[in-house]
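Asks: What follows is a single structure, and I will ask about it in a moment.
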Amino acid sequence: MGALFSLAAVLLLSLVAYVGVELIGMRSFFGIVIPYVAVLTIIVGVVYRVITWGKSPVPFAISTSCGQQKSLPWINQSKLDNPSTTSGVIGRMALEILLFRSLFRNNTSELREGRLAYSSGKWLWLAALAFHWTFLIVLIRHMRFFANPSPAFVSALESLDGFLQIGAPRLFLTGAILLVAVSYLLYRRLAVRTVRYISLAADYFPLFLIIAIATTGILMRYFIKVDIVSVKELTMGLIGFSPVIPEGIGVIFYIHVFLVSTLFVYFPFSKLVHAGGVFLSPTRNLANDSRMKRHINPWNYPVKLHPYEEYEDDFREKMENAGIPVEIPSAKAPAAAESESGNETNDAEIPVGEE
Amino acid sequence: MAKKPTPEELSKINYSLPYTGWMYNPVEFKDGMFCNASKPESLNTVDFPNARKWSVKDEDWNLPENWKEIVLEAMKERLEKYRSFRLFMDICVRCGACADKCHFFLGTGDPKNMPVLRAELIRSVYRRYFTKSGQMLGNLAGGRELTLDVLKEWWYYFYQCSECRRCSVFCPYGIDQAEITMIGREILNLLGLNIEWIAGPVANCFMKGNHLGLEPHTIKSNFEFMIDDIEEITGVKVDPSFNRKGAEVLFVAPSGDMFGDPGTYTCMGYMMLFHEIGLDYTWSTYASEGGNFGFFTSNEMAKRLNSKIYAEAQRLGVKWIIGGECGHMWRVMHQYMDTWNGPADFLEVPVSPITGTKFENAGSTKMIHIAEFTADLIKHGKLNLDPSRNDHLKVTFHDSCNTSRGMGILDEPRYVIKNVCNNFHEMPEDTIREKTFCCGSGSGLNASENMELRLRGGFPRANAVKHVQQHHGVNMLANICAIDRAALPPLMNYWVPGVDVAGMHELVANALVMKGEKERTQDMRLEDLPEKEGAEDV
Amino acid sequence: MYNGGKIILGIVIFLALAAFPFYGDIGKANVTPEPNLDTPEIRKLEEKKCVEPEEFMKAEHMSLLNKWRDLAVRDETTVYVASDGESYNISLQNTCMRCHSNKKEFCDKCHEYAGVSPYCWDCHLAPKEGK
């Protein structure tokens, strides 16, 4: 259901761009207005989302410890999986963000003759890592359209990416890997029963969208070519805030740009914000040092207690008979002790009820 | 359970999924899978709202008229108070890495026990009421109306989560279902929807100082039994003190250790150890609970119960605190206590009076785990140990969820156990340390009416124990958790007969050669030690 | 605990990265390169045409060159029959560069603009040009 809906949505978006450009001729709208709106939305949107998260405090030090804690000097601490220092946390976060450390732990379980067996389950990690890294490289490669001359690191990246020198234009490996990896992620979502069961339309949509983006990009580079100089004229016009629509850019370019713009607009309002959120995850970005340093909860408030004095009032005689020391022996001031049994004093300073 | 299924039947877990989407399958309350509803008197004791008599299977849960408002308002408040909550609502990509990491999913096959779906139960409501896309697109954006059925579903599944954090280890963003369950339960508690197995102990702990409701004189007499047993086994009379002012150390243990087997053997172990090294310490009857069932209720309740530890340390004028073997107790002591009730500036950084080791890792909290303390003693050669007295045991170690994933105390207990036992075998790698499996009864779910849930939830753990039983003849499952000591024996009896359960300090006590002790012929359980062959041990 | 400082730092880094394309490009004249067709050989041509039509050459010249390379090096074919039926000698240096003797003004201008670095000249000798 969700999958079909998302596929239809992506096809419809492509059709909209096709009709808009090829039949109605709204080149400025699809080539200028939409990209500006999209870039503005993703930037403002992501900042807004991060600030919203930032406004909620982290009241407790809830690091998930995934290894040996720091305790006695002769016990080897697992400094990256259970860091107790800032540098350790930086290391842990770097592993998490650059190499998907936690996903690397993944295993699969299987029930065989009444026994659970676990085996390595690294395909998700591999596909996810391949997908995210190639997506990043493809994005960086596109910087050749946004600087004149193209930055040296982009050229270097391109020659690395095309080092096999297959065909002309040279085949960029990242584009192909990106498409394969994202297709695997889609296949997995459809083929693994549990994952299909938990999937929403919002999970299929970005996958189909990215597949469509990669496909139009690859088509444009290798098969339905467009005049790249005109394309750069358009992109340079955009970033120089003097937009132009050069003649003769094929419609596939506009479809590609429209799909990318959709992704940009969709990004901050969807699960895709995990890209920013992962940095803020309190189970990962806190040092496990909560016994060494006090973690402050900004909304910590006084609560209603049952202080020792009241407890002693409840059990004074029993304690004395059992030989347990008391603060106020019952022989000395039994009545006084009874009457001042703190209820009022304590209630006064404490907010009533839950929260 | 009316008819108790056999292990063969129960291990045929049905992982097939319904054809209809999860949002359209209303919750079905299955006998043996949930705990009894909280009683009004328990809630009243701690001033919790909507205290009334109710029953889970009733159609009408007697909720306040405006329950929906209360829930949504409470969600809003917590979204603003907990970055974790807001973030975990927003960034899940439903990759499914957590799905088969939950012991309750592995043991029940119920898809809503996949951590991701358990979170989606509340996330769908979040999307519907707190995101623009959900408000506009509803179902299409994964949003869902908050109905009574949804609320009941929350209740059923948030009390089928033991807050073990295993999912959080595998999640690429560290999304922690324990955090979501805790907040979910906190919201349910605003409507008086607790379980009695938690609400009762909470009320007990608030009024009497411990979950079991042991009154001071009862604690004392329980200890006298244990002291007698120690004397019978070792010939040494230990002399613990209670509520004694001026002691150097306050010792806080889970109350379970003071009451039932096999916890009491561990408790005897604590006393023997402290006696042997001559530690100047006291127990407290007021702070007689290390555990904290308030933690399974609400943040506020947890803080109310936890406050007794520092308050009592201050009243008694001790210098620092040692905590006993308990799982969730240590999540609380390690990650929450100082934040709630600190700073404990009236205490000193713990220094072992025997070895001189300064425990910098507890520099602020001033409370150390007894495994850290004992490991340090052994490392410095301060204990005279005869591990051969544990030769009748083939031991494996069950890491508790909270101490592993909410603290990371993994190698200290192993070091201690390997020094007091000659036969130690690890369970398979995917089932220990940070990947350890829950006993199936954590977070206040160790009642009897939900035994099927417990047996199913404990299935992955039991499986791993069975593995080492078959390969190494393991017959003793050691642990550092009071809920383990209560929950694992029935689990082992059911799934892996022939494996007993012991706290770590029971094993220490067996091996500990005390000054002036008689020749031991019995272990801590008063069971005869096998005749030693060629007994020439040190 | 808000860690506001770190979050703001993160946002600044994000904005800096997102604004990367705009650095130094705002207000810069957007000059599109025109390949220079003014060479002695082209001047000599009566009908100014390439082996294939201009539109095709603009988009597909790299594919054609790649095809030529394969034909020449792998299939030992030396004659290319164009779409209009005319035959050409398959040779980068002797056919293409004979007319387009101004590599810098013809090839490099666009390639540099579009950030393309073809590896033609790894093997072939580039025509000698005065500056």
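The values are calculated or read from the model by the stated rules, or taken from the named source; none is laboratory data. Small disclaimer: the values here were computed from a predicted structure and weren't measured. Neighbour counts are summed over all protein chains in view; Cβ atoms, including those assigned to glycine, are modelled from backbone coordinates with ideal geometry.
Asks: Have a look at B:355, B:365 and point out the one that is surrounded by 23 or more Cβ atoms within 10 Å (Cβ to Cβ) and in contact with an Asp or Glu (Cβ under 6 Å, 6 or more places away or on another chain).
Replies: Checking each option against the conditions leaves just B:365.
Asks: Restricting segment B:195-246 to residues that are touching a strand residue (DSSP E or B) at 6+ places or on another chain (Cβ under 9 Å) and of a type in the set (S, T, N, Q), which is nearest to residue B:35 (Cα to Cα)?
Replies: Going through the qualifying residues, I end up with B:243.
Asks: For segment A:295-313, which residues satisfy the criterion of being more than 28 Å from the chain's Cα centre (by Cα), within 7 Å of chain B (Cβ to nearest Cβ) and over 11 Å from residue B:286 (Cα atoms)?
Replies: Across segment A:295-313, the qualifying residues are A:300, A:303, A:304, A:305.
Asks: Looking at (1) within 14 Å of another protein chain (Cβ to nearest Cβ); (2) over 21 Å from the mean Cα position of the chain (by Cα); (3) among the polar types (S, T, N, Q), can you tell me which one residue C:83 breaks?
Replies: Answer for residue C:83: the failing condition is (1).
Asks: Determine which member of the set B:72, B:79 is outside the structural domain of residue B:445 (by TED's automatic domain parsing), under 28 Å from the mean Cα position of the chain (by Cα) and not in a loop (DSSP other than H, G, I, E, B).
Replies: It is B:79.
Asks: Pick out the one residue from B:427, B:407 that is assigned to a loop (DSSP other than H, G, I, E, B), within 14 Å of chain A (Cβ to nearest Cβ) and more than 30 Å from residue B:528 (Cβ to Cβ).
Replies: Sole residue among the options that is assigned to a loop (DSSP other than H, G, I, E, B), within 14 Å of chain A (Cβ to nearest Cβ) and more than 30 Å from residue B:528 (Cβ to Cβ): B:407.
Asks: Considering only residues that are part of a helix (DSSP H, G or I) and at the interface with chain C (Cβ under 9 Å from one of its Cβ atoms), look in segment A:148-164 and name the one that is surrounded by the most Cβ atoms within 10 Å (Cβ to Cβ).
Replies: Quick first cut of segment A:148-164, residues part of a helix (DSSP H, G or I) only: A:152-161.
Checking which are at the interface with chain C (Cβ under 9 Å from one of its Cβ atoms) leaves us with A:154-155, A:158-159.
Numbers: A:154: 19, A:155: 17, A:158: 21, A:159: 13.
This residue is A:158.
Asks: Inspect segment A:73-89 for any residue being part of a helix (DSSP H, G or I) and of a type in the set (A, V, I, L, M) and give the result as yes or no.
Replies: The answer is yes; a qualifying residue exists.
Asks: Then there's this: For residues that are in contact with a helix residue (DSSP H, G or I) (Cβ under 9 Å, 6 or more places away or on another chain) and either within 26 Å of residue A:155 (Cα to Cα) or in contact (Cβ under 8 Å) with a residue 24 or more places away in the chain (or both), scanning just segment C:85-100, find the one that is surrounded by the most Cβ atoms within 10 Å (Cβ to Cβ).
Replies: So, considering only residues that are in contact with a helix residue (DSSP H, G or I) (Cβ under 9 Å, 6 or more places away or on another chain) and either within 26 Å of residue A:155 (Cα to Cα) or in contact (Cβ under 8 Å) with a residue 24 or more places away in the chain (or both), the one surrounded by the most Cβ atoms within 10 Å (Cβ to Cβ) is C:96.
Asks: Residue under question is residue A:266, and the condition is that it be surrounded by 21 or more Cβ atoms within 10 Å (Cβ to Cβ), on the phi < 0 side of the Ramachandran plot and in a helix (DSSP H, G or I); does it hold? Full working, then the answer.
Replies: Working: surrounded by 21 or more Cβ atoms within 10 Å (Cβ to Cβ): no; on the phi < 0 side of the Ramachandran plot: yes; in a helix (DSSP H, G or I): yes.
Against the criterion (surrounded by 21 or more Cβ atoms within 10 Å (Cβ to Cβ), on the phi < 0 side of the Ramachandran plot and in a helix (DSSP H, G or I)), residue A:266 does not qualify.
Asks: Could you tell me which residue of segment A:39-81 is farthest from the chain's Cα centre (by Cα), considering only residues that are within 19 Å of residue B:174 (Cα to Cα) and more than 8 Å from every other protein chain (Cβ to nearest Cβ)?
Replies: Result: A:79.
Asks: Still on this structure, please answer the following. Is at least one residue of segment B:351-365 under 24 Å from the mean Cα position of the chain (by Cα), closer than 19 Å to residue B:414 by Cβ and touching a residue at least 60 places away in the same chain (Cβ under 8 Å)?
Replies: No.
Asks: What number goes with the only condition from (1) hydroxyl-bearing (Ser, Thr, Tyr); (2) within 16 Å of residue B:119 (Cα to Cα); (3) surrounded by fewer than 17 Cβ atoms within 10 Å (Cβ to Cβ) that residue B:82 does not pass?
Replies: That leaves (3) as the condition not met.
Asks: Being at pLDDT below 90, within 30 Å of residue A:141 (Cα to Cα) and surrounded by 13 or more Cβ atoms within 10 Å (Cβ to Cβ), is that true of even one residue in segment C:39-54?
Replies: no
Asks: Which of the helices (runs of 4 or more DSSP H) found entirely inside segment B:449-510 contain at least 3 residues meeting this: in contact (Cβ under 8 Å) with a residue 12 or more places away in the chain and touching a Cys at 6+ places or on another chain (Cβ under 7 Å)?
Replies: B:482-495
Asks: Sticking with this structure for a sec: Within segment B:32-49, can one find any residue that is facing chain A (nearest Cβ under 7 Å), in a loop (DSSP other than H, G, I, E, B) and either among the β-branched types (Val, Ile, Thr) or surrounded by fewer than 22 Cβ atoms within 10 Å (Cβ to Cβ) (or both)?
Replies: Yes, because at least one residue in segment B:32-49 is facing chain A (nearest Cβ under 7 Å), in a loop (DSSP other than H, G, I, E, B) and either among the β-branched types (Val, Ile, Thr) or surrounded by fewer than 22 Cβ atoms within 10 Å (Cβ to Cβ) (or both).
Asks: Looking for whichever is away from chain A (no Cβ under 14 Å) and either free of Cβ contacts under 8 Å to residues at least 60 places away in the same chain or out of contact with any Ser or Thr (no Cβ under 9 Å at 6 or more places or on another chain) (or both) here; the options are C:103, C:67. Which one fits?
Replies: Every option except C:103 fails the conditions.
Asks: Please find, within segment B:324-356, the residue that is nearest to residue B:253 (Cα to Cα) out of those that are facing chain A (nearest Cβ under 7 Å) and part of a loop (DSSP other than H, G, I, E, B). Before the answer, list the steps.
Replies: The initial filter retains those residues of segment B:324-356 that are facing chain A (nearest Cβ under 7 Å), namely B:334-336, B:338-340, B:342-343.
From what's left, part of a loop (DSSP other than H, G, I, E, B): B:336, B:342-343.
Details: B:336: 17, B:342: 20, B:343: 21 Å.
Taking the candidates together, the pick is B:336.
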